[in-house]
Amino acid sequence: MSEAAVGQRRVDGRTLRAERTRRAIVDAHLTLLEEGDLKPTAERIAERAGVSLRALWTNFKDMERLFAAAGARLMERQTAEHRPIPPDLPLPRRIEAYCEQRARLLELIAPAARAARLREPFSAALRHNRTWYVTNAREELEKLFAEELDRTGAAREETLHALTVATTFASWSMLRDELHLDVPAATGVLRRGVTALLSATEA
């Protein structure tokens, strides 16, 4: 093997190790959030990841970069869990499928979303993550219920705003954390709200 090839192999090995370390740190951060530690310290994250504190700061220069990476990892998980719903299904079936899936995805992001509320005012990365999340949720509503939204005419934007509010984490948190509903009960309320907002368009 040539010296150049040996050198490249070493570089590739270092790159893979760095990627594994970064992923371990990000996954450790998310795991701590899932366990209820909503403000884990760098020391706790490094300990859970099985790396040194120095390795954490070598891979993430500050907590903002870690928040950004954790947000990207959570987006990957959401994308992997998401299943497109055929927009040509009858409205009741679309609503049922959408709300069941939405509940699963909201539960998936819930620990990180609860933690983000504590730090979001001081974190551009967390605000960026929230903007992506709301924009993504709104775009799905527009595609899945395009026909019904178009029927509302001048009220289209208002209806879309109402649907966005009803189906994003702020409302889900009210159901789960304030009213203390379990997931099936919270999903039922979600379904009722979406149905009420869209059923008028059937007339």
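The values are calculated or read from the model by the stated rules, or taken from the named source; none is laboratory data. Everything numeric here is computed off the predicted structure, so don't read it as measured data. All Cβ positions, glycine included, derive from the backbone under ideal geometry; neighbour counts span all protein chains shown. Surface accessibility is based on the protein's heavy atoms, side chains included, excluding ligands, DNA and RNA. Shrake-Rupley method; radii C 1.70, N 1.55, O 1.52, S 1.80 Å.
Data table
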quantity: Gained length - Ala42 relative to Ala196, 0.36 nm times residue gap less alpha-carbon distance; calculated: 50.9 nm
quantity: With Cα atoms, 0 to 90° folded angle of helix 91-119 axis to the chain main axis; calculated: 40
quantity: Within region 30-47, backbone nitrogen closer than 14 Å to the virtual label 7 Å beyond the Cα of Asp177 toward Cβ; calculated: 33-39
quantity: Using a Förster distance of 35 Å, the FRET efficiency for Arg156-Lys61 (Cβ separation, nearest 0.05); calculated: 0.20
quantity: On Cα atoms only, tilt of 183-199 relative to the major axis of the chain in degrees; calculated: 50
quantity: Helix-only CD estimate at 222 nm, as mean residue ellipticity for the chain, using -39500 (n - 2.57) per DSSP H run (n ≥ 4); calculated: -25500 deg cm²/dmol
quantity: Alpha carbon convex hull of region 35-85, projected area averaged over orientations, nm²; calculated: 4.5
quantity: Residue-normalised accessible area of region 146-186, expressed per residue, 1.4 Å probe, Å²; calculated: 54
quantity: Additional length obtainable on full extension of the chain from Arg83 to Arg17, 0.36 nm per residue less Cα span; calculated: 20.5 nm
quantity: Diffusion coefficient, µm² s⁻¹, Stokes-Einstein with Kirkwood Rh over alpha-carbon pairs of region 75-131 at 20 °C and 1.002 mPa s; calculated: 164
